[in-house]
Amino acid sequence: MIDLRSDTITKPTAGMRAAMASAEVGDDQFGEDPSVNYLQERVADLLGKEASLFFPTGVMANQCALRTLTRPGDEVVVSKEPHIVFHETGASAANSGIQFREVGKRGTFNCKEFLAAYNAPGHIVHPPTTVVAIENTHNRAGGVIFPQFELECICRAARERNVYSYCDGARLWNAALASGREYSDLAKPFDLVSVAFSKGLGCPAGSMLAGSKEIITRATRYRRMLGGAMRQSGILAAACTYALDNHMEQLHNDHKNAKLIANTLMESHVVDLDLATVQTNMIIFDLKESAPDAPTVVARAQKLGVSFFEFGPRTIRLVTHRDVSTAQCVEAANLICSVLKPL
C-alpha cells in the first residue's frame, strides 16, 4: 500500500529507536528529565524564544495555547477552515469557552481583514478579540505558506491592540524549508508558536510551544490541567532531538514529490488543481462533474494499492512524506489518474 493519507503515519527509523532506547531520563514533573530539558532549550533557541514546553500531541499544544491566552467568552480571529476549528472535535469550546471568527480565503488573510474582524474590549454586545491565530502551513488549504509580510503586519497590529498572536506551526518546519527562511524568522512575530515532530519527521509523539518565560510558565499549569504533564518523557524527547539532527532535510524531498504528483494530475482533464497551492508536501484538488465523486475515487484507488482521504464530496487530499519514495509517488500519481475515468 502506498499511503498518502497523512505525514502523521511516518514511523521511527532504526536510529531514532536506538536514540529513544538510550535516552537519559528523569521525572519531567519536577523538571528533572535531561532529555526533555535539552530539547526544550534547543527548540526555544531555534525559534528565537525565551522558553519552550514539550507536549505529547499537537492538538494538546493548540488547546493549551488557547487556554493560556484567552478567557471564556473571548473571540479568536483565524483563517478559513483552520485545524483548531475543523479537526479538534470542538475542544476549544469545551476547554476554553471561546468562539472563532474566520476570515480570508485559501488558508490566509491580510491585515485589513484582521482589523475588520477585530472587536475592541468593553463593547456592550461584541465578544472581545484577544487572540489572532495563524496556521503555517495551512492544512485544509493544501499546505500553503502564510505570506511573511502579511503575518508580520497582522502580529504588529495585534500587539498594538493588546491582542495575543499565536502560530499553529505544526508544519512550520515545512514552511521554513520551502520558503528558505530561518525558523526563528517565521516565529519572531508571534507571542506564542507551536511546532510538531510527529508528522513528516517520523516521531511517535511530540509537539512544542515556545514563547516568553511568562507565557510558558502559565502554559505549564494548563498543560497539567489538560493531562499533558508526563514523567520519564525523555524517551519521546530523544526521538524529537534525533529528528532535528537527521530527518529535517528529507522534507525537501517530500515537497518535490508533491509537485511531481501534482504535475501528473494536471494532465487529467477532470482534475481542477491550482499548482500555485502546491507549496510544501500536500496536494488538494477538486474533481470536475465529469469525474466520479471523491468517495468513489478513494475506493477505486484503495483497491489498486493507494490510500488517501477525501476532503469533501468532490475534493481529495494527498500528503507526501518520508515513508514514500519518489518511485512510489510516480506510481501513485499514475494509478490515481487511471481511476478518474467516469463511471
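The values are calculated or read from the model by the stated rules, or taken from the named source; none is laboratory data. Since the structure is predicted, the reported quantities are computational estimates derived from the model, not experimental observations. Methodologically, a virtual Cβ is constructed for each residue, glycine included, from the backbone with ideal geometry; neighbour enumeration extends over all protein chains shown.
Residues being among the β-branched types (Val, Ile, Thr) and either under 19 Å from ALA237 (Cβ atoms) or out of contact with any helix residue (DSSP H, G or I) (no Cβ under 8 Å at 6 or more places or on another chain) (or both): count how many of those fall in the range 203-217.
Result for the range 203-217: 2.
Quick grid of which residues meet (1) hydroxyl-bearing (Ser, Thr, Tyr); (2) surrounded by fewer than 22 Cβ atoms within 10 Å (Cβ to Cβ):
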position: PRO204; (1), (2): no, yes
position: SER207; (1), (2): yes, no
position: ALA219; (1), (2): no, no
position: GLY228; (1), (2): no, yes
position: GLN232; (1), (2): no, yes
position: TYR242; (1), (2): yes, no
position: ASP245; (1), (2): no, yes
position: HIS252; (1), (2): no, yes
position: HIS255; (1), (2): no, yes
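Which strands (runs of 3 or more DSSP E) sit wholly inside the range 107-225 and have at least 2 residues that are closer than 30 Å to MET16 by Cα, in contact with a Gly (Cβ under 6 Å, 6 or more places away or on another chain) and at pLDDT 95 or above?
Result: 192-196.
Of the conditions (1) within 19 Å of ARG42 (Cα to Cα); (2) over 18 Å from the mean Cα position of the chain (by Cα), ARG223 satisfies every one except a single condition; which number is it?
(1)
Return the pair list, or none, for Cβ contacts closer than 6 Å from residues in the range 108-122 that are crowded, with 18+ Cβ neighbours inside 10 Å to residues that are part of a loop (DSSP other than H, G, I, E, B) and among the hydrophobic types (A, V, I, L, M, F, W, C), at least 6 apart or on different chains.
THR108/PHE146
Which residues, taken from the range 290-307, are under 24 Å from HIS87 (Cα atoms) and touching a Ser or Thr at 6+ places or on another chain (Cβ under 9 Å)?
ALA294, VAL298
For the range 1-34, give me each residue that is part of a loop (DSSP other than H, G, I, E, B), over 15 Å from ALA205 (Cβ atoms), over 24 Å from the mean Cα position of the chain (by Cα) and in contact (Cβ under 8 Å) with a residue 40 or more places away in the chain.
Passing the criteria: MET1, SER22, GLU24, GLY26, ASP27.
Please indicate, with yes or no, whether at least one residue in the range 73-87 is more than 30 Å from THR277 (Cβ to Cβ) and at pLDDT 95 or above.
The answer is yes; a qualifying residue exists.
May I ask you to list pairs of residues, at least six apart or on different chains, whose Cβ atoms are under 9 Å apart, with the first in the range 210-221 being over 7 Å from ALA51 (Cα atoms) and the second being at pLDDT below 95 and part of a helix (DSSP H, G or I)?
none
If a residue must be closer than 17 Å to GLY143 by Cβ, part of a strand (DSSP E or B) and free of Cβ contacts under 8 Å to residues at least 60 places away in the same chain, how many such residues does the range 266-298 contain?
2
Mind counting the residues in the range 47-87 that are assigned to a loop (DSSP other than H, G, I, E, B) and over 14 Å from TYR166 (Cβ atoms)?
So the first thing to find is which residues in the range 47-87 are assigned to a loop (DSSP other than H, G, I, E, B), and the list is 48-50, 56-57, 70-74, 80-82, 87.
Right, trim to over 14 Å from TYR166 (Cβ atoms) and you get 48, 50, 56-57, 71-73, 80-81, 87.
The qualifying residues number 10.
What tally of residues in the range 226-243 results from selecting those that are within 24 Å of ILE9 (Cβ to Cβ), not in a loop (DSSP other than H, G, I, E, B) and not β-branched (Val, Ile, Thr)?
Within the range 226-243, residues that are within 24 Å of ILE9 (Cβ to Cβ), not in a loop (DSSP other than H, G, I, E, B) and not β-branched (Val, Ile, Thr) number 7.
Those residues that are crowded, with 20+ Cβ neighbours inside 10 Å and polar (S, T, N, Q), I need them from the range 46-94; list them, please.
SER52, ASN62, GLN63, THR68, THR70, SER79, SER92
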